[in-house]
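A.B. asks: There's a structure below that I have some questions on.
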Amino acid sequence: GSYLLASDGAPGRYSVGELISVDEVALPYRFTVTWRRLGVEAGRSMHVLVAGGVVLIKAGAINFWAYDDAAFASAAWQPLAGHAAQNEHTVVVDQDAGAVVVTIDGAPAARFPLTVARARAHVGVGMKAAPGARSKIYLRSLIVAAGQ
């Protein structure tokens, strides 16, 4: 099915909305989401939660946060030429025990080396929004399948 995901409208640096799997997913896996941001906050990221980190995608850029603020602060966002967050995109994330590989609309977007010790993890999608805002993203489809 499809979903409309809204942020929580919390005050502070940003508000957030997330949809996280109830069950853990075994690595390797493939997570496919077709989505688009509704509204004007293209500069704020939408994200895919993976084992050991978060793939962050915003208008024109992609990055990865491995729950290490210092490393993230020194890492540059990688450009995604022509990527508009308000347009519908299909994002495919393949993860195994050694890397997270991202494809957007059939084109390679990024590869993030990541060693994870856990064989299973919760996965999901979400987004950041302006403080106090109820921003939304439309999730046309979500598919999690065993990796190849």
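A.B. asks: Going by average Cβ neighbours within 10 Å, how do the peptides 3-11, 135-143 rank, with the highest at the top?
C.D. replies: Numbers: 3-11: 14.9, 135-143: 16.9.
By packing density, highest mean first, the sequence is 135-143, 3-11.
A.B. asks: Leaving out ligands, DNA and RNA, what percent of the accessible area of the chain is carbon and sulfur, probe 1.4 Å?
C.D. replies: 56
A.B. asks: Among Ala70, Val100, Gly39, flag the residue with its Cα farthest along the positive direction of the charge dipole of the chain, charges on Cβ as +1 for Lys/Arg and -1 for Asp/Glu.
C.D. replies: The one lying farthest along the dipole's positive direction is Gly39.
A.B. asks: May I ask you to order 95-103, 75-83 by the average number of other C-beta atoms within 10 Å around their residues, highest value first?
C.D. replies: Taking the mean over residues of other Cβ atoms within 10 Å, the ranking is 95-103, 75-83.
A.B. asks: Something else about it: Points 7 angstrom from Cα along the Cβ direction at Asp96 and Thr115: gap in nanometres?
C.D. replies: Modelled inter-label distance: 1.6 nm.
A.B. asks: With r as the distance between the Cβ atoms of Ala84 and Ile20 and R0 = 22 Å, compute the FRET efficiency 1/(1 + (r/R0)^6) and round to 0.05. Provide the component values of the computation, followed by the final result.
C.D. replies: On the way: r = 26 Å, r/R0 = 1.18.
That pair, Ile20 with Ala84, gives E of 0.25.
A.B. asks: Now, a different point. Students often get this wrong, so try it: which of (i) -1.17; (ii) -1.53; (iii) -1.35 is log10 I(q)/I(0) by the Debye sum over Cα atoms at q = 0.20 Å⁻¹ as calculated from the structure shown?
C.D. replies: Evaluating log10 I(q)/I(0) by the Debye sum over Cα atoms at q = 0.20 Å⁻¹ on these atoms matches (iii).
A.B. asks: His122 versus Phe72, label points 7 Å from Cα toward the beta carbon: distance in nm?
C.D. replies: Going by the 7 Å Cα→Cβ label model, 1.7 nm.
A.B. asks: May I ask you to give the solvent-accessible area per residue for the chain, in square angstrom, as obtained with a 1.4 angstrom probe?
C.D. replies: Solvent-accessible surface per residue comes out at 50 Å².
A.B. asks: In a Gaussian network model over the chain where Cα atoms closer than 10 Å are linked, find which of Gly52, Gly12, Gly106 has the largest mean-square fluctuation.
C.D. replies: Gly12
A.B. asks: May I ask for the net charge around Val92, where only other residues with Cβ less than 11 Å from the Cβ of Val92 are counted and Lys, Arg are +1 while Asp, Glu are -1?
C.D. replies: -1
A.B. asks: Then there is this: Which of rounded, prolate or oblate describes the range 35-122 when judged by the alpha-carbon gyration tensor and an a/c cut-off of 1.5?
C.D. replies: Because a/c hits 1.5 or more and a/b exceeds b/c, the range 35-122 counts as prolate.
The values are calculated or read from the model by the stated rules, or taken from the named source; none is laboratory data. Here the structure is a predicted model, which means the values were calculated and not measured. Cβ coordinates were reconstructed from backbone atoms using ideal geometry, including for glycine residues, and neighbour counts include every protein chain displayed. Heads up: the accessible areas ignore ligands, DNA and RNA and are worked out on the full protein's heavy atoms, side chains in. Shrake-Rupley method; radii C 1.70, N 1.55, O 1.52, S 1.80 Å.
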